[in-house]
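Step one of this worksheet: look at the structure below.
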DNA sequence: AAAATCTGTTACGGAATACGTAACGAATTT
DNA sequence: AAATTCGTTACGTATTCCGTAACAGATTTT
């Protein structure tokens, strides 16, 4: 399969030789990741564009590898225990998460609000850690949730500090829907977005109130690494009206303080960040 | 490669046909999972018993799949972003109550005692699942019951492993009543409580006998999640005198075993728990 | 400074593997 | 009871993978 030279330039890498089956198999895993729950063989086959017989062979091997499990009644497939192991191992390598746990607990205890941490993963800010309050109320904050860019405090702070090329198309998609959350928040053009993000950058903190989740209010602050790039965000979450969103409020100050300390522990030079 | 019939009988499964490369590649991922950090190609090669050239091809494809990343300086390999995605997706599907059900039934059948599961909810350990014995006697164990912190096996194991700041005020309240259950159990000060909880932590199991329910005896063990936080507890419940509460007793061992297995299926790293 | 390792990476031919098509038995539906 | 749908398996050919070994770059040794 000779590839045209022009195409090579477009493609990322010269593509050093590998094992085709590994790459041909990943769409199967991707399908299972994107689906919320277990999938039938035919569903996987159509999702990946494979013939059912072919998909079945990959699944059989993934099962033996532990990446997939099958409902013993011969039916639906789902992610297996080794997928979990892989994820836990991957999480353990992310410094922020190790360091942040204690700081989040402290902040939660100090303020009495739920505190959560998000990484950029899965094409968006993904909630990875939660420090809950004893309070029963609220808390639809769920592990693994991917938040919207323009209408969540997490999304907004990542969008404010990430390279625009990463977020461009996603912002566009959110703006495109005239009845979507972004439109409801008064955001229609990139100019609107830029204006908002400039405020967040100036404050080094983002706000979201009654947007992606009705009746919720949140503040989010960025965490930078030794390259001065945003690697995570930490948020204080509560119910609308019960959280003071002012820049001078105690929650805002303590959140900023915690985020700053975490960034410093990761080796960031905060005075060099725009 | 025709396989001898005798060998087939020894092997676990009829081994439906699959894709060899998928199964040949997983040791590479396993090596990266088991290593705490990045690995060199030769380290992976020796760990998997592969020739470096072979391992390199698998790694090249895993990189394109996103399961592995490589330090751009041409060097060490580590788990990639898709490994995280896979894990997050797997974690989102795992529900303690769901996987606990089968384990509880098994334990009940093994021991012949009632087994129950509690989550922290409603400001306390709340009984959410029960696997009953056919025996008529006993069993005032009712769904939704919120157990006391200091005088139930469930409460004690949660109190032993939850952040003290969550339980502080509730412990205080239970200690305050001079005629309350805590007082009857000989608990008057925080020092008393701490001494007791330290024993439970050392054993990774709690005991309650003739306390919140007269004539009942119970053992409870903690279940941890991928953050190594207690998310549930599982208990063996019976009538005083009919349940051996010793650390070496069969019920204690089997309960510990079940709890450990459940924690592992939730992604906990048990060796890192105090 | 030159040589000798060590690293990660790539080439080549023979042999084993994966693909596509299609059939099979078992549920479930008509 | 017939028909559909599902998961699963068989078969022959073309493709891919494996083992050996060489290559370039970096680091260390002489």
So, with points 7 Å from each Cα along the Cβ direction, the residue A:20-residue A:162 label distance in nm works out to 3.4
Simple SL model, points at 7 angstrom along Cα→Cβ for residue B:140 and residue B:265; separation in nm is 3.2
If N is the residue count of the protein assembly as shown, its Cα Rg over 2.2 N^0.38 Å rounds to 1.08
Sorted shortest first, the nm distances from the residue A:73 label point (7 Å along Cα→Cβ) to its counterparts in the other copies are 5.5
By Cβ neighbour count within 10 Å, fewest first, B:56, B:226 rank B:56, B:226
Simple SL model, points at 7 angstrom along Cα→Cβ for residue B:184 and residue A:227; separation in nm is 6.3
Most fluctuating of A:20, A:172, A:199 in the GNM of chain A (C-alpha, under 10 Å) is A:20
GNM on chain B, Cα springs under 10 Å; top mean-square fluctuation among B:231, B:68, B:141 goes to B:68
at residue A:209 the sorted inter-copy label distances (label 7 Å from Cα on Cβ side), in nanometres, are 5.9
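Rounded to the nearest 0.05, what FRET efficiency do residue B:249 and residue B:176 have when you use their Cβ-Cβ distance and R0 = 25 Å? If you can, show how the numbers build up before the last one.
Values: r = 35 Å, r/R0 = 1.38.
Efficiency, rounded to the nearest 0.05: 0.15.
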The answer for the per residue Cα convex hull volume of chain A, in Å³, is 185
Expressed as a whole number, the average count of other chain Cβ atoms within 10 Å around the Cβ atoms of B:183-193 is 0
Projected convex hull area of segment A:131-274, Cα atoms, direction-averaged, in nm², equals 8.9
Highest GNM mean-square fluctuation among B:112, B:66, B:75, for chain B with Cα springs under 10 Å, belongs to B:75
Relative to chain B, whose Cα atoms define the longest principal axis, helix B:190-203 and its Cα axis are tilted in degrees, nearest 10, by 40
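If each DSSP helix of 4+ residues adds -39,500 (n - 2.57) and the sum is divided by the residues in chain B, what number results at 222 nm, nearest 500 deg cm²/dmol? Let's see the in-between values first.
Working: 11 runs with 128 residues, N = 274.
Result for chain B, helices only: -14500 deg cm²/dmol.
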In this structure, the FRET efficiency calculated for residue A:40 and residue B:73 from their beta-carbon separation, with R0 = 41 Å, to the nearest 0.05, is 0.40
Taking Cα atoms only, helix A:164-176 is inclined relative to the longest principal axis of chain A by an angle, in degrees rounded to 10, of 90
Under 14 Å by backbone N from the virtual spin label 7 Å along Cα-to-Cβ at residue A:95, the residues of segment B:55-92 are none
Reduced to Cα centres, the span from segment A:211-242 to segment B:66-92 in Å works out to 25
If one compares the long axis through the Cα atoms of helix A:20-34 with the longest principal axis of the Cα atoms of chain A, the angle in degrees, nearest 10, works out at 50
Shortest first and in nm, the label-point separations between residue B:36 and its counterparts in the other identical copies (7 Å out along Cα→Cβ) come to 4.0
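Here, each number is a calculation from the coordinates, and none is a lab measurement. Nothing here was measured: the structure is a model prediction, and the numbers come from that model. In this analysis, Cβ positions are derived from the backbone assuming ideal geometry, glycine residues included, and neighbour counts consider all displayed protein chains.
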